[in-house]
Amino acid sequence: MKKTKGFNPSEYERKWQKKWEEDKLYKMPDLKKGEKKFYSLYSFPYPSGAGIHVGHAEGMVANDVAARFFRMKGRKVVYPMGWDSFGLPAENYAIKTGVHPHDNTEEAIATFIKQIKALGVSVDWKTEVGAHRPDYYKWTQWIFLQLYKNGLAYKKSAPVNWCPSCQTALANEQVIEGKCERCDTDVIQKDMDQWFFKITEYADRLSKDLDEVDWPESTKIQQRNWIGRSEGTKIRFEIRKPKAETSQKYELMVFTTRPDTIYGATFMVIAPEHDLVKKFKKSIENINEINEYIEKTKKKSELERTDLNKDKSGIEIKGIVAINPATGEEIPVFIADYVLLTYGEGAIMGVPAHDDRDFDFAKRYNIKIVAVIDPIKKGDLSDKEFKEIKSGKRVYSEFKGKCINSEKFDGFELPNDKKKVIDIIKKAGWGKEAVSYKFRDWLVSRQRYWGCPIPIVYDPDGNPHPVDEKDLPIELPKDVDFKPTGESPLVYSKEFHRSAEEKYGKGWKREVDTMDTFVDSSWYYFRHLDTGNDKEFVSSGKANNWLPTDLYMIGAEHIVLHLLYSRFFTKFFQDQGYINFSEPFYKMRHMGLIQGPDGRKMSKRWGNVINPIDEVEKYGADTLRMYEMFMGPLSEAKVWNDKTESGVYRFLRKIWKLQDKVEEKVDSDTQYSWINRVIKKIEDDVERVNFNTSIAKFMEFSNILLNEKSIDRSVWENFLIVMASFAPHITEELWEKLGNDYSIHQQPWPKYDKKALEDDEIEIAIQINGKLRSTVSVKKDEIEEVVIEEALKDKKIQRYLGKKKTYRKAIFVPNRILNFIPE
Ligand code: ANZ
């Protein structure tokens with residue numbers, strides 16, 4: 001056994017990184033069906049010119065800890081890496097500097113690779129893919145063609161969100177509070193011919209299958225809200241000219257989630273784009289005024305239109321009326337921009353007594369208000385409020401109470417009698433149940449250069465045709481200008497058009513829009529598994545054996561879009577018979593934002609940016625890795641703290657020196673019971689992706705060892721092994737100094753001795769509102785997060801907290817009590 005000398009990580013870190021790479025220690029193994037595997041995936045980084053940031057390091061190291069742990073556990077592991085390398089920043093940089101996006105992208109990737117390697121992560125670089133490389137985007141184009149052939153890619157003229165500054169259309173998701181996600185300019189609406197993917201066809205499955213995956217609950221909720229599944233009823237209203245004896249029949253459909261209020265529907269509103277106006281052009285007396293309003297609406301963004309706080313403007317359509325099917329009464333029809341064409345039926349029945357927006361609208365336009373739901377119980381209401389509701393002077397929007405003034409529904413109690421309401425509506429022929437979704441089809445065309453060309457050609461009459469699969473990839477030409485003109489830069493490429501005319505004949509043109517980069521990033525996790533395959537985007541065998549991913553680390557900002565699109569593609573591939581699973585990412589966790597030492601978001605403006613590579617140079621990669629894992633729970637926002645970081649460095653130096661106390665055989669109950677506890681703790685932590693508490697445990701144990709006269713060799717070896725996933729370099733170096741065979745990273749995970757842990761389990765009382773309702777048994781000193789997780793699994797507790805398992809607050813007394821305060 002060699003004695004350690006001075007602690008100097010730079011002496012051995014690079015050395016080991018090189019050796020591991022040469023020895024292909026992290027090569028993606030062959031995987032047979034049914035073998036235990038672990039697919040560790042870090043979300044497709046955009047290779048920015050600035051190099052990696054501390055957030056990249058956080059996620060990549062978390063993926064690495066899990067990958068290394070499961071390798072030792074005997075699973076077959078793959079940890080790939082690739083680049084989301086098409087996109088606006090490289091193009092904007094090209095506009096500024098004239099450097100071709102291809103060149104600055106490859107340069108940025110080279111830097112990324114060098115920096116990621118310096119973190120000592122166990123990536124297999126053979127899996128590397130880059131969205132901008134033809135051998136990758138060939139398959140992006142191929143996927144487009146498959147969607148096209150199956151009627152899931154289509155072109156239509158549509159009002160799109162247009163950023164006047166980036167000069168491009170934006171997906172709804174890229175518009176944040178009415179502004180462009182990238183440059184903060186106000187987004188306007190503009191009609192354009194655009195390509196769409198019909199993701200709405202998968203709405204139901206995208207919504208339901210969320211039950212199958214292990215994701216943070218808040219992410220699932222956001223995803224569900226985005227899809228916006230809403231169960232309701234479609235109701236038919238007849239439109240007539242007022243007081244007409246006979247009429248031409250026209251039925252106006254509405255979507256409502258409150259069919260129980262139909263007797264209180266005293267007006268109707270259609271979206272400005274609704275075709276009713278065209279149908280009744282001749283009967284409408286104030287058509288000019290209506291047309292003016294329609295024009296004005298075009299200038300407004302959806303957000304402005306649906307802002308709850310703004311005045312609800314609208315105009316009555318004079319010359320026509322609607323018939324409420326329940327009351328038989330004639331009611332006025334309005335046009336108003338708060339109703340959107342794209343949701344439900346693009347028209348609503350207005351029930352002012354029970355809907356806030358309708359109430360405001362009715363007040364403004366002097367419309368009759370009829371209360372049809374009696375709250376019955378006063379609850380939190382004052383006497384005055386209670387009276388006002390009953391007389392229709394105050395809105396009551398809760399779905400709770402008794403139906404009144406409602407003939408066929410009178411006396412029904414809500415929500416219990418909901419079904420009776422719908423049965424009557426169906427029987428009477430007024431309408432039927434329906435489901436609506438908030439989200440729309442995915443707009444994928446971009447008027448940009450640095451993206452994947454859309455594999456479509458147009459004949460001289462302008463009709464689109466898919467290109468032949470054997471002609472893929474349609475390469476992105478190099479002869480273009482990057483000036484934003486509002487038209488796609490590819491319009492100006494001579495080579496692009498010449499190649500189309502040569503192939504198809506005079507007058508044929510290529511599609512000049514490129515694809516949204518979200519298309520590139522929706523399928524990369526397939527390609528990692530089979531980068532050399534030039535026959536298929538991935539072999540079915542590889543995809544079925546390796547996927548879904550077992551740990552996906554991704555920033556919380558990608559929750560909605562990227563995940564939704566990837567899930568859509570996966571379901572499509574399943575339907576096409578390429579794969580046999582329907583969800584791409586089984587377990588997913590987010591890395592929380594790391595803020596600068598001053599508590600602000602890291603930014604050049606504040607001069608508080610920590611560059612992870614500087615830290616590696618200062619302290620070594622192991623310190624950076626361990627520090628970032630130690631900062632706090634992965635998913636939470638954390639403030640960078642230099643003192644804690646240097647504390648982690650000192651901890652590693654202590655470990656380095658401790659090895660000198662190792663002796664062949666030391667009989668110590670303390671060491672024995674401790675190492676077993678540590679092994680079990682790390683196992684539990686890695687399963688739950690709770691790395692910060694693992695490191696706390698290592699530190700505790702090192703303090704115990706510091707007080708021991710000598711350390712037992714086998715205890716010490718196990719300690720190094722369990723720490724190896726977190727600090728792969730120092731553990732490898734010490735392992736070698738012990739005289740052991742290379743490599744520590746190929747050692748099996750040690751088994752812990754259950755007997756040594758027996759006094760470690762304790763019972764914790766679980767209370768609801770301070771009353772004892774159950775107990776759970778957990779490890780001594782278990783953290784709050786884990787105790788909550790265990791308690792929520794308890795059937796009795798679930799009964800008290802309801803299906804959603806929500807609560808307002810949890811009060812935790814370590815080793816004793818967890819008290820939930822329900823909502
Ligand atoms: C009558 C009613 C009475 C409504 C009442 C609510 C309360 P969610 O839950 O989001 O699905 N609505 C329907 N289509 C609309 C559109 N195109 N633009 C704007 N609003 C629309 O909301 C469904 C409710 O949103 C529907 O139920 C409808 O108003 C409105 F006491 O119908 B309700």
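The values are calculated or read from the model by the stated rules, or taken from the named source; none is laboratory data. Values in this document were obtained by computation on a predicted structure and should not be read as measured data. As a convention, Cβ positions derive from the backbone with ideal geometry for all residues, glycine included, and neighbour counts pool all protein chains shown. Side chains included, ligands, DNA and RNA excluded: accessible areas come from the protein's heavy atoms. Shrake-Rupley method; radii C 1.70, N 1.55, O 1.52, S 1.80 Å.
Annotation for the range 379-442 versus the range 164-200: alpha-carbon center distance of 37 Å.
Think of the chain as having a plus end and a minus end, set by charges on the Cβ of Lys, Arg, Asp and Glu; of Gly314, Ser539, Pro473, Gly314 sits farthest toward the positive end of this dipole. Taking 0.36 nm per residue of separation and subtracting the Cα-Cα distance, full extension of the segment from Lys378 to Asp423 would add 13.3 nm. Ranking Lys378, Lys754 from most to least accessible surface, computed with a 1.4 Å probe over the protein chains only, gives Lys754, Lys378. Rounded to the nearest 0.05, what FRET efficiency is calculated for Lys32 and Lys754 with R0 set to 25 Å and r the Cβ-Cβ distance? Once rounded, the FRET efficiency stands at 0.20.
For the chain, adding -39500 (n - 2.57) for each run of n ≥ 4 DSSP H residues and dividing by the number of residues yields -10500 deg cm²/dmol at 222 nm.
Using a probe radius of 1.4 angstrom, the carbon and sulfur fraction of the accessible surface of the range 617-707 is 45%. Relative to one another, the C-alpha centroids of the range 595-630 and the range 667-688 are positioned 30 Å apart.
Full extension of the segment from Lys604 to Glu761, taken as 0.36 nm per residue of separation minus the current Cα-Cα distance, would add 51.7 nm. Normalised by the number of residues in the range 230-436, the average gap of Cα pairs under 8 Å and 6 or more apart makes the relative contact order 28 percent.
Taking Cα centre as origin and charging only the Cβ of basic (Lys, Arg, +1) and acidic (Asp, Glu, -1) residues, the dipole magnitude of the chain rounds to 1440 debye. Between Thr97 and Lys3, the contour length at 0.36 nm per residue exceeds the alpha carbon distance by 28.4 nm.
Any idea how far the Cα center of the range 492-507 sits from the one of the range 278-338, in Å? Cα centroid to Cα centroid, the span is 48 Å. Distances between placed amide hydrogens fall under 5 Å for Gly319 paired with Glu285, all partners being 5 or more residues away or on another chain.
What does the charge count around Thr693 come to, taking other residues whose C-beta lies under 14 Å from its C-beta (Lys +1, Arg +1, Asp -1, Glu -1)?
Every neighbour counted, the sum reads -4.
Here the dipole of the range 641-752 is about 300 debye; that uses its Cα centre as origin and unit charges on the Cβ of Lys and Arg (positive) and Asp and Glu (negative). Charge tally for Lys571 (other residues, Cβ to Cβ under 10 Å; Lys, Arg +1; Asp, Glu -1): -2. Between the residues Asn815, Phe86, Met28, the greatest Cα displacement towards the positive end of the dipole of the chain, with unit charges on the Cβ of Lys, Arg, Asp and Glu, is found for Asn815. The order of Glu583, Glu21 by accessible area, most exposed first and with a 1.4 Å probe, is Glu21, Glu583.
In percent, rounded to a whole number, the relative contact order of the range 714-800 is 17, using alpha-carbon pairs under 8 Å and six or more apart. Surface analysis of the chain yields an accessible area of 46 Å² per residue, using protein heavy atoms and a 1.4 Å probe. Cβ-Cβ distance of Lys310 and Gln222, R₀ of 22 Å, FRET efficiency by 1/(1 + (r/R0)^6): the value works out to about 0.35.
Normalising the average separation of contacting C-alpha pairs (under 8 angstrom, six or more residues apart) by the number of residues puts the relative contact order of the chain at 15 percent. Other residues with beta-carbon under 14 Å from the beta-carbon of Glu663 carry, at +1 per Lys or Arg and -1 per Asp or Glu, a net charge of -1.
Derived scalar couplings between HN and Hα for the range 812-818 equal 10, 10, x, 6, 10, 9, 10 Hz in order, rounded to whole Hz, by the Karplus curve 6.51 cos²θ - 1.76 cosθ + 1.60 (θ = phi - 60°), x for Gly and Pro. Around the amide H of Trp83, modelled in the peptide plane, lie the amide H atoms of Val129, Gly130, Ala131, all under 5 Å away and 5 or more residues distant in sequence or on another chain.
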